[in-house]
Amino acid sequence: MPSFRHLLSLLFCLSLILSSCKKGENDPFLSFRSRNARLKGTWKMTGKEAALSNSITVGQSTPINNYISSTYDGTKEIMTLTSSSISSKIVYYDSEITFSENGEFSYALFVYYPADTTNQNFKTSAFQGTGMWAWNDMNKNKLGLELWPDFVPTVPDSVNIGTYFPFVVAGSYYIDRLAYKELWLERNGSSTTQVDSTVTSSSFDCKWKFSKK
């Protein structure tokens, strides 16, 4: 029969194993699948929140500020642009991405254009591509995902107003949650450039949710 000391050692080792399963902030506490195995498969985008800002200052003039906010509910993305005036647009689409364990991925964006609003008929445009993916962490936590598309389809400007994925696929993503059926990604950053007396500052903060098909 195991001694009390042996039981304590066993519980301590078990706690270390369980805590090592959790990588992302909202990862499941316990998973019997590796992160590669959990990532593998086809993921449909079901949610998105994006906020982007851009400010241009020329010399001592008043900055020109532009803001974009958007939300996606799995069917449509509602985008609001705020500058000298406020405007909004709605884009209907489906988006999915498929990861293989050998470092390859494919993605597809299906945009639906209303052709007959009375009968709710839509025209569909498909934008598809492939590429390579890799974990971009050096500490083996695998919290970051890097995507390199080898083919970038041209999405019309009337659809893509700069709210990143699925219109822009390439880049580094933080994995907030990776479960067997759920994937949450985040991407944010800021930059400032100056050309002569013109200073441009921009920032973005985007979050995506996916469900495995």
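The values are calculated or read from the model by the stated rules, or taken from the named source; none is laboratory data. No experiment lies behind these values; they were computed from the predicted model shown. Positions of Cβ are generated from backbone atoms using ideal geometry, with glycine treated the same way; all protein chains shown enter the neighbour counts. SASA here: full protein model, heavy atoms, side chains in, ligands and nucleic acids out. Shrake-Rupley method; radii C 1.70, N 1.55, O 1.52, S 1.80 Å.
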Worksheet item: Is it the case that Lys209 is in contact with a Lys or Arg (Cβ under 8 Å, 6 or more places away or on another chain), modelled with pLDDT of 90 or more and over 16 Å from Lys48 (Cα atoms)?
Response: no
Worksheet item: Does the range 192-207 hold any residues that are open to solvent by less than 60 Å² (accessible area, probe 1.4 Å) and under 19 Å from the mean Cα position of the chain (by Cα), and which are they?
Response: Ser202, Ser203, Phe204, Cys206
Worksheet item: Of all the residues that make up the range 95-117, how many are open to solvent by 40 Å² or more (accessible area, probe 1.4 Å) and part of a loop (DSSP other than H, G, I, E, B)?
Response: 3
Worksheet item: Which members of the range 170-191 meet the condition of being open to solvent by 40 Å² or more (accessible area, probe 1.4 Å) and among the hydroxyl-bearing types (Ser, Thr, Tyr)?
Response: Ser172, Tyr174, Tyr180, Ser190, Ser191
Worksheet entry | Test: residue in the range 118-130 that is open to solvent by less than 40 Å² (accessible area, probe 1.4 Å) and of a type in the set (Val, Ile, Thr) | no
Worksheet item: Just checking, how many residues over the range 72-94 are of a type in the set (Ser, Thr, Tyr) and either in a strand (DSSP E or B) or in contact with a His (Cβ under 7 Å, 6 or more places away or on another chain) (or both)?
Response: 7
Worksheet item: Somewhere in the range 149-169, is a residue open to solvent by 70 Å² or more (accessible area, probe 1.4 Å), assigned to a strand (DSSP E or B) and touching a strand residue (DSSP E or B) at 6+ places or on another chain (Cβ under 6 Å)?
Response: no
